[in-house]
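Trainee: This is the structure I have questions about; it appears just below.
The values are calculated or read from the model by the stated rules, or taken from the named source; none is laboratory data. Keep in mind it's a predicted model, so treat the numbers as computed, not measured. Counting neighbours? That spans all protein chains shown, and the Cβs are built from the backbone with ideal geometry, glycine included.
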Amino acid sequence: MALRTVKAVVLAGLGASAFLAMASCTQDGGRQTATTPQATTSGFGLFYLDEGASAKLAYGQANSDDVELMLQCTKGSRTVEVTDVARTSGPAALTLVSSGASARLETRTESGDGSVLLVADTSIDAAPLSAFRRTGRLEVAQAGVRHGLIASADERPGVERFFAACERR
């Protein structure tokens, strides 16, 4: 899938998920807070894509452009690009959380199809990604909104294939 197509896929699904994530937030003294996600989004799953020189792990609906989160790498690079929809205007960062490990990632913005994407680069060895590889659980937070995913037993081999591809050519 070409980068332009991947971004269109991410944009299509992330707008709706941002709205749903915002709707699940509660007000706390005028400040928005979100509860820890308890389960994955209904009808969504993790899908590993081998694209020759690159690998992708997309969280979304099967056989659709409805994607909530995209992890991608050039095989063997040990660097992962994380793409999520921007939930507020202005500067933002993404925070990855898994099994108590967290990492705050500085982002760059990319626009297209009426939405703004936050894109961040991190190491395959970042503590929350290592924990995600081990547990199948990952949360992404930005601008006070958190959404999470839990890989099913059937999806766990795809998670491992993604990490293995990012480690070696």
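Trainee: Taking the residues in the stretch 30-68 that are modelled with pLDDT under 90 and in a strand (DSSP E or B) as candidates, determine which candidate is surrounded by the fewest Cβ atoms within 10 Å (Cβ to Cβ).
Mentor: ARG31
Trainee: A further question on this structure: Go through the stretch 105-119 and count every residue that is free of Cβ contacts under 8 Å to residues at least 60 places away in the same chain and either surrounded by 14 or more Cβ atoms within 10 Å (Cβ to Cβ) or outside any strand (DSSP E or B) (or both).
Mentor: 5
Trainee: Another one. Of everything in the stretch 132-149, what is at pLDDT 95 or above, touching a strand residue (DSSP E or B) at 6+ places or on another chain (Cβ under 7 Å) and more than 15 Å from ALA103 (Cα to Cα)? Give them in sequence order.
Mentor: Within the stretch 132-149, THR135, GLY136 meet the criteria.
Trainee: Can I ask one more? Quick check on my filter: what residues within the stretch 144-165 are out of contact with any Asp or Glu (no Cβ under 7 Å at 6 or more places or on another chain) and basic (Lys, Arg)?
Mentor: The answer is ARG156, ARG161.
Trainee: Hey, another quick one. With the condition kept exactly as written, say whether any residue in the stretch 121-131 is part of a strand (DSSP E or B), crowded, with 17+ Cβ neighbours inside 10 Å, of a type outside the set (S, T, N, Q) and modelled with pLDDT of 95 or more.
Mentor: no
Trainee: While we're here: Please identify the pairs in which a residue from the stretch 76-104 that is within 13 Å of VAL140 (Cβ to Cβ) has its Cβ atom under 6 Å from the Cβ atom of a residue that is in a loop (DSSP other than H, G, I, E, B) and aromatic (Phe, Trp, Tyr), counting only partners at least 6 apart or on another chain.
Mentor: From the stretch 76-104, no pairs qualify.
Trainee: Report whether or not ARG134 is out of contact with any Lys or Arg (no Cβ under 7 Å at 6 or more places or on another chain) and either at positive phi or part of a loop (DSSP other than H, G, I, E, B) (or both).
Mentor: No, not satisfied.
Trainee: If you check SER77, SER152, which single one turns out to be at negative phi, buried (at least 17 other Cβ atoms within 10 Å of the Cβ) and in a loop (DSSP other than H, G, I, E, B)?
Mentor: Every option except SER77 fails the conditions.
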